[in-house]
Amino acid sequence: MDFGKLRQFQLSADTDIKPFKCAESDLNEFLFEDAKYFQKELLAVTYLLEYMEENKTAAYFSLLADKITFNPDDKGVWNKLNRNIPNTKRRKSYPALKIGRLAVSEEFACCGLGTFILDNIKYAFSNVKRLGCRFITVDALSSAVEFYERNGFKFFTEHDKNDDTRLMFFDLKNFVIE
Ligand SMILES: CC(C)(COP(=O)(O)OP(=O)(O)OC[C@H]1O[C@@H](n2cnc3c(N)ncnc32)[C@H](O)[C@@H]1OP(=O)(O)O)[C@@H](O)C(=O)NCCC(=O)NCCS
């Protein structure tokens, strides 16, 4: 697919959302029924990627603030995170950005668009420095866990390994522009 033909913009109250269908019906519903409400109430900001030639929504994602908090049951991961942050005091939390939703239209799946979106988010939040944000978090649907692993995300705990979603994170300090 030609990424040059994509137009990314932030959803607004009067956006006419072009047709979109991905494999997860909850994510289709969110876009058409809830995204504007979340935006109005400052609960999440949604971005759309339209494929200009075809008048279709190719993908969307929504972002919100988050934090990673120390859990005594997951000391191992916490110690690892602390080791990657020099001179840190014994912190109990770190600032993060949550990917609330990310979905690529069935028609455009497996063309690298999901990875392209993650790379843009990683770039924006590790370079722009408008606010302190060390990690990206996501509650990954079990069907999407492999996708996030391939994009450098790690599990925060083993306690959710049989759940429908798994908490995963990416350390923005690890983002290297290739
Ligand atoms: C998951 C999703 C966002 C991936 O987007 P995409 O554009 O298809 O992903 P990419 O083409 O960038 O794939 C990157 C890599 O992950 C792999 N991958 C993508 N989706 C995968 C999946 N569901 N299971 C296993 N591997 C997957 C690809 O094969 C590719 O591997 P490669 O690097 O060896 O080529 C998309 O399939 C989607 O929207 N699915 C439905 C909604 C969903 O599950 N969203 C996530 C909510 S947490």
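Which angle between 0 and 90 degrees, to the nearest 10, do you get for helix 113-127 versus the longest principal axis of the chain when only C-alpha atoms count? Long axis of 113-127 versus the principal axis of the chain: about 50 degrees.
Within the accessible area of the chain, the carbon and sulfur atoms contribute 49%, probe 1.4 Å, all protein chains present. Using just its DSSP H runs of length 4 or more, each adding -39500 (n - 2.57), the chain gives a mean residue ellipticity at 222 nm of -6000 deg cm²/dmol after division by all residues.
Its Cα centre serving as origin, the chain has a Cβ charge dipole (Lys and Arg +1, Asp and Glu -1) of approximately 1400 debye. Accessible area per residue for region 3-174, computed on protein heavy atoms with a 1.4 Å probe, is 59 Å².
Please tell me the relative contact order of region 25-178 in percent, rounded to the nearest whole number, where contacts are Cα pairs under 8 Å and at least six residues apart. Write down the numbers at each step before the final one.
On the way: 200 pairs, mean separation 29.4, N = 154.
Value for region 25-178: 19 percent.
Extent along the principal axes, Cα only, for region 3-174: 50, 36, 31 Å, with the longest axis given first.
With Cβ to Cβ distances under 13 Å as the rule, what net charge do the other residues near T15 carry (K, R +1; D, E -1)?
Working: positive: R7, K18, K36, K40; negative: D14, D16, E50.
Around T15, the charge tally is +1.
For region 58-105, the relative contact order comes to 69 percent (Cα pairs under 8 Å, sequence separation of at least 6). Applying D = kT/(6 pi eta Rh) to region 1-79, where Rh is the Kirkwood radius over alpha-carbon pairs, T corresponds to 10 °C and eta to 1.306 mPa s, the Stokes-Einstein value obtained is 109 µm²/s.
Per-residue SASA remark: K98, around 30 Å² accessible (1.4 Å probe; ligands, DNA and RNA not included).
The residues neighbouring G152, those whose beta-carbon lies less than 9 Å from its own, together hold a net charge of +1 under the Lys/Arg +1, Asp/Glu -1 convention.
Stretched out straight at 0.36 nm per residue, the stretch from E41 to S142 would grow longer than its current Cα-Cα span by 33.5 nm. Taking all protein chains as they are arranged and a probe of 1.4 Å, the heavy atoms of Y47 leave approximately 60 Å² accessible to solvent.
The values are calculated or read from the model by the stated rules, or taken from the named source; none is laboratory data. For clarity, every value in this text was computed on a predicted model and none was experimentally measured. Note that we place each Cβ from the backbone using ideal geometry, even for glycine, and neighbour counts take in every protein chain shown. These accessible areas exclude ligands, DNA and RNA; they are computed on the full protein's heavy atoms, side chains included. Shrake-Rupley method; radii C 1.70, N 1.55, O 1.52, S 1.80 Å.
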